[in-house]
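To keep things clear, I will list the structure first and then write my remarks on it.
Only the coordinates and a few stated rules stand behind these numbers; no lab work does. These figures come from a predicted structure and were not determined experimentally. Counting neighbours? That spans all protein chains shown, and the Cβs are built from the backbone with ideal geometry, glycine included.
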Amino acid sequence: MFPTPIQNTSRRTYIAYQVLLPVTLILWLLPLLGVALTSIRPASDITAGNYWGWPSSFSLIENYRAVFTNSPLAAYILNSFKVTIPTVIGAIALSSLTGFALAIYKFRANLLIFFLFVAGNFIPFQILMVPVRDLSIQMGVYNSVWGLILFHIAFQTGFCTLFMRNFIRGLPFELIEAARIEDVSEFRIFWFIVLPLMRPALAALAVLVFTFVWNDYFWATVLTQGAHAQPVTAGLHALNGEWIAAWHLVSAGSIVAALPPVLMFFLMQKHFIAGLTLGAVKS
Amino acid sequence: MLSASRVWKENKLRIAPWLFLAPGIAMFSLYILLPVFQSISISLFDWDGLGEKKFIGLANYAELLHDDAFFTSLKNNVAWLVLYLLAIPAGLFVALFLNQTTRGIRIYKSMFFFPLVISQVVVGLIFSWFYDPHFGLLNTILGGVGLPTIAVLADERFVTYGVIVAGLWPQIAYCMILYLTGLNAVNSEQIEAARLDNAHGWRMLWFIILPQLKPATFIAIVVTVIGALRSFDLISVMTGGGPWGASRVLAYYMYEQAFSEYGFRMGYGAAIAVVLFAIMLVYISAFLFKMYREEKGR
C-alpha cells in the first residue's frame, strides 16, 4: 500500500493524522456548511447581519416550508423527476441494445460507429444548441419535459454505449457461441443470457445518468421556460433572482435541489464510483 | 426462390447488429450528428432565427477576428484550461492523504467526494455567497486578519479566477476518486520490493506509483479538459459573463449572441460554437487515436 499505512508509523504521526482528518474535511466542506447553517436561520438574522454566528433561533421548519409554499420549487422538483426518470430508462434501453451489437458482432463499420458514439460524448453543447432548439420547436416538444427527455436520451446514449459495450466485451463469449449452437435466436440471447449478466452495469449507469440529467442546467435554459416545464436547476436560478437578500430561502432551496442526487449517491455509492472511474484501472 | 425466413437464417449474423443498433443510431443521428453539420452550415449565414437566412460565406468568421469580446472569451478559456489542470495534482494529493485504512475512512472519502454530486448551479450559488463582499466567508476571514475587502465577482481582475476556483472544487473531487481507485489497484509487491531498495516518499511516488497510475491520469486529463472547455453553468449563475463581459468564455459568449437580450444572431453564435468545437476536436481526436491503438492491440 502507498502511502505507508498510518498504523505502521510513529504514534505522533498517527495522532496528527487523526486530528488532521476532520479538520481538512471541515475546511473542504466549509462553503457547504455555511449554506446548511444559513438555511436554518430566521430571516431576522439575515437582516441583522448575523451570517456566521450562532443562529438566534432555529427556523428549519419555517424556512423549508416557506420554500415549498411561497415558490414553485415543488413544481420544479416534480419536473426534474419527470425529465430524469424517463431519460434513465430510455438511455439505458437504447444503449444496452447498441452496446450489445457493438460488443458481440464483427462487421466493418463496428469501430467507426463505436467511435462516433464516444466522440458525441465530448462535443460542446453549443454546437448542438441552435439546431436542437429548432428541431424541438418543429416537433412541438419545445418548452415541455418531452423536449428535454428526447434530447437527454440521445446524448446520454453516447456515454452509455461506451460503458455497455466495454462491459459486455468482458463477459465470456463462449456463452453466446454455445447458445448459437443450440439455435437460440439472437434477440433471446440478448434478453435471456446477456441482459441478466449486465445488472451491475445497468445499476451504475442508472445512478450516473440520474445525476447527470438531474444536474443539467444548460439544456434546461435552452429548451424550457417557466415553472410548468423547467427543472429545478433552472428554477433555482430563477428563484435566486427573485429572492434577493433572502439568503435563508436561497440556501434552503439549494439544499432541497441537491438532495435527490446526494441520496442516490449515498445509497448506490459503489455503483456510482464504478461508473465514474471506468477505465481508470487497467483490467 | 428464396423465402424470407431462409434469407434471415443465412444472413442472421449480418443483419442482427443493425436491428439492435437502429433505435440508438436514429436518436443519436437526429440529435447529435446532424446538428453538428447544421451548425457548421448555419455559421455561414446571417440569420435571426426566424426570418430569411442570408448566405454570407465566411463573413461571421471574419467578424470574429475583430471582436474584442471573442478574444476575451478565448483568453478566459485558456485560463480555465490551464488552471483546471491543477485539479489533477490536487486530486492526487487528496487521494494520497485519504488512502488509509483507519476507522471511518470510508465516510471521509465519501464526504470529500460530495461536491461532485451537487449541481453546478448549487455550487455556483454556494460560491457567490462565499465571495460576497458584505458577509461572505472569504471577506470575513480577510477582515479578520486586517486585509481589505475584495469583491471577487465584481472585479474584472479577479472574476474569472474566482469562478475557476468554484469549478475546481468538484473537479478536484473527481480526480481524487479516479486516483483512489487507481491506488487501490497498485501492485503491492512492487512497492515492497522498492521499499527494500530504500525508495521512499517522493522517489517512490515518482518512479513506482505514478507509472502505475497512468490510466487514471489519462482519464483525469480527459475529463478535466472537457470540463474546462464546457464551463458554462458556473459563469451563468455566478456572474452572467460580467462585469462588462470580463468572465465570458466561448460557451457563454455563444449563448449570449444566439439567445439573449444581446440579440438573436444565430449565424454568428454558430460560428463561435464551431471554433469551440474545433478546439475540442483536437482532444477528441487524441482520445480516439489512443482508443484505436488499444482496440487494435487486443
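Each Lys and Arg contributes +1 and each Asp and Glu -1, all at the Cβ; summed about the Cα centre of chain A, the dipole is approximately 600 debye. Of B:Tyr252, B:Tyr84, B:Tyr61, the residue with the greatest mean-square motion in the GNM of chain B, using alpha carbon springs below 10 Å, is B:Tyr61.
Residues B:Val7, A:Val67, ranked from the fewest to the most other C-beta atoms within 10 Å, line up as B:Val7, A:Val67.
Mind pulling the angle between the C-alpha long axis of helix A:232-242 and the longest principal axis of chain A? Nearest 10 degrees, somewhere in 0 to 90. For A:232-242 against chain A, the angle is about 20 degrees.
In a reduced charge model with +1 at each Lys and Arg Cβ and -1 at each Asp and Glu Cβ, segment A:77-242 shows a dipole moment near 160 debye about its Cα centre. Each part reduced to its alpha carbon centroid, segment A:189-233 and segment B:162-176 end up 23 Å apart. For segment B:99-111, 3J(HN,Hα) computed residue by residue from phi via the Karplus equation (6.51, -1.76, 1.60; θ = phi - 60°) reads 7, 9, 10, 5, 5, x, 5, 4, 5, 4, 4, 4, 5 Hz, glycine and proline entered as x.
With contributions of -39500 (n - 2.57) from each DSSP H run of at least four residues, the per-residue ellipticity at 222 nm computed over chain B stands at -21500 deg cm²/dmol. Both radii come from the Cα set of chain B: Rg as radius of gyration, Rh as Kirkwood radius; their ratio Rg/Rh reads 1.08.
I need the Kirkwood Rh of segment A:1-90: take the reciprocal of the average 1/r across all distinct C-alpha pairs and report it in angstrom. List each step's numbers first, then the result.
Working: mean 1/r = 0.0572 Å⁻¹.
Hydrodynamic radius (Kirkwood, Cα only) of segment A:1-90 equals 17.5 Å.
Past 28 Å, Cα to Cα, is the threshold; run B:Lys53/B:Lys75; A:Lys106/B:Lys290; B:Lys12/B:Lys290; B:Lys75/B:Lys296; A:Lys82/B:Lys54; B:Lys9/B:Lys296 against it and keep the listed order. Where the Cα-Cα span goes over 28 Å, the pairs concerned are B:Lys53/B:Lys75; B:Lys12/B:Lys290; B:Lys75/B:Lys296; A:Lys82/B:Lys54; B:Lys9/B:Lys296. The sum of -39500 (n - 2.57) across all DSSP H runs of n ≥ 4, divided by the residue count of chain A, sets its helix-only mean residue ellipticity at 222 nm to -22500 deg cm²/dmol.
Amide H contacts of B:Phe45: B:Ile56, each under 5 Å away and 5 or more positions distant or on a separate chain (H built 1.01 Å from N in the peptide plane; Pro and chain starts excluded). Shown in residue order for segment B:240-247 are the 3J(HN,Hα) couplings computed by the Karplus curve 6.51 cos²θ - 1.76 cosθ + 1.60 at θ = phi - 60°: x, x, x, x, 6, x, 6, 10 Hz (x for Gly and Pro).
What does the average come to when, for each residue of peptide A:95-108, you count the partner chain Cβ atoms lying within 10 Å of its Cβ?
Per residue, the average neighbour count from other chains is 4.
The order of the peptides B:163-175, B:237-249 by mean Cβ neighbours within 10 Å, most packed first, is B:163-175, B:237-249. How large is the translational diffusion coefficient of chain A in µm² per second when you combine the Kirkwood radius over alpha carbon pairs with Stokes-Einstein at 10 °C and 1.306 mPa s? In µm²/s, the coefficient is 71.
Per residue of peptide A:27-36, the mean number of Cβ atoms on other chains within 10 Å of the residue Cβ is 5. Using a Gaussian network model of chain B with C-alpha springs under 10 Å, which one of B:Leu213, B:Leu281, B:Leu229 is most mobile by mean-square fluctuation? So, out of B:Leu213, B:Leu281, B:Leu229, the one fluctuating most is B:Leu281. Residue-normalised convex hull volume from the C-alpha trace of the protein assembly as shown: 193 Å³ per residue. The distance from the alpha carbon centre of segment B:234-286 to that of segment A:238-267 is 27 Å, rounded to a whole number. The Rg/Rh ratio of segment B:32-158, with Rg taken over Cα atoms and Rh as the Kirkwood radius over Cα pairs, comes to 1.14.
Each label point was placed 7 Å from the Cα along the Cα-to-Cβ direction; for B:Asp67 and B:Lys54 their separation is 1.7 nm. Per residue of peptide B:167-174, the mean number of Cβ atoms on other chains within 10 Å of the residue Cβ is 1.
Which of B:Asp197, B:Asp46, B:Asp155 moves the most in a Gaussian network model of chain B with Cα springs under 10 Å? The residue that fluctuates most here is B:Asp197. Amide H contacts of A:Tyr142 (H built 1.01 Å from N, in plane; Pro and chain starts excluded): A:Ile137 sit under 5 Å, all sequence-distant by 5 or more or on other chains. Relative to the current alpha-carbon distance between B:His200 and B:Ile141, full extension at 0.36 nm per residue lengthens the span by 17.5 nm. Summing Cβ point charges (Lys, Arg +1; Asp, Glu -1) relative to the Cα centre of segment B:230-293 gives a dipole of roughly 340 debye. Centroid-to-centroid, using Cα positions, segment A:108-159 and segment B:94-112 are 38 Å apart.
Against the main long axis of the alpha-carbon atoms of chain A, helix A:145-169 sits at an angle near 60°.
FRET efficiency for the pair A:Leu171 and B:Ser29, taken as 1/(1 + (r/R0)^6) with r the Cβ-Cβ distance and R0 = 30 Å, rounds to 0.60. Rounded to 0.05, the FRET efficiency of the A:Arg188 and B:Leu210 pair, given R0 = 35 Å and the Cβ-Cβ distance, is 0.15.
Look at the Cα gyration tensor of segment A:77-242: its axes a ≥ b ≥ c give a/c of at least 1.5 with a/b over b/c, and that counts as prolate. For segment B:33-48, just list the computed ³J(HN,Hα) in residue order, Karplus coefficients 6.51, -1.76 and 1.60, θ = phi - 60°, integers in Hz, with x standing in for Gly and Pro. The phi angles translate into 5, 4, x, 4, 6, 4, 5, 4, 5, 4, 5, 9, 10, 9, 8, 9 Hz. Label-to-label distance, B:Ala79 versus A:Leu78, with points set 7 angstrom from Cα along the beta-carbon direction: 4.3 nm.
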